[in-house]
Structures are given as C-alpha cells and as structure tokens.
C-alpha cells in the first residue's frame with residue numbers, strides 16, 4: 001500500500017539537524033518534500049514538512065499538467081502534540097500509507113507520531129492549483 005522503499009538503510013549523520021535527517025529519510029523512502037502548502041522544497045519551515053506522493057497525481061487540462069498528491073504534513077515541534085510528532089493526513093485513502101510511514105518514522109527517530117485526519121479528501125497542489133482546477137471544470141464539457 002505504501003511507496004516502494006529504496007534498498008539502502010537510513011543512518012542519521014552526527015552533524016545533521018532533526019529536520020534535515022527527516023527530509024533525507026522521507027526522500028529515501030520515495031517521497032518528495034514540500035512546505036505545508038504543498039510547494040516542493042527540501043527545506044523545513046518551523047519544523048513542519050509537507051509530504052508529497054508524486055506517484056499519485058491529479059491531471060489538469062486534459063493531462064497536459066500533472067500535480068503531485070499532498071498526502072500529509074509532519075509537525076516536529078508543534079505544542080499541540082505535547083512532545084510527540086504530529087502527522088496531519090489529507091484524504092481517508094491515505095491513512096494506511098500514513099500509518100506505515102508513522103511507524104517507520106517512530107522506529108527510526110525514536111519519537112511517537114500522532115496521526116490526525118484533517119481532510120477526508122486528498123489535497124492536490126502546486127503552482128496555480130486553484131486556477132487549474134477551475135480551468136479543468138470549464139474545459140471538461142468540451
């Protein structure tokens with residue numbers, strides 16, 4: 001159900017910040033990272049990391065433009081989670097993948113990961129996502 005893992009094992013580097021280590025871990029597991037709005041980046045903003053699944057995409061303008069699925073946001077330092085990490089999930093169908101990812105993060109980084117479903121539907125994002133969605137609706141009857 002989850003993304004196919006690469007074969008090498010993860011080893012955290014001594015000098016590496018937690019955010020950088022988590023981003024590298026996610027990338028090694030086949031995910032792309034983003035800010036919490038879903039814009040691709042390999043940086044963490046305030047200890048929050050968006051997680052994209054580029055293997056699942058939404059096609060706009062009859063397939064001319066594809067955008068990755070924003071499956072979750074990982075919060076490393078949010079007070080809401082009382083010292084644990086929080087994984088906000090977008091879309092009920094992403095819960096099994098999120099649980100698998102949470103278990104791997106928990107065992108790798110020795111942190112408890114709380115999962116919260118914040119939207120029942122998936123979140124497709126990217127530059128001009130709203131515009132593309134509207135244009136797709138307009139062009140669909142043609």
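None of the figures in this text is laboratory data; all of them are computed from the coordinates on show. Because the structure is predicted, anything quoted here is derived from the model rather than measured. Reconstructed Cβ throughout: ideal geometry from the backbone, glycine too, with neighbour counts over all protein chains shown.
Quick look at the values:
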read-out	value
Calculated FRET efficiency for the pair residue 120/residue 28, C-beta based, R₀ 30 Å, to 0.05	0.50
Residue 99 paired with residue 77, simple spin-label distance in nm, labels 7 Å along Cα-to-beta-carbon	3.2
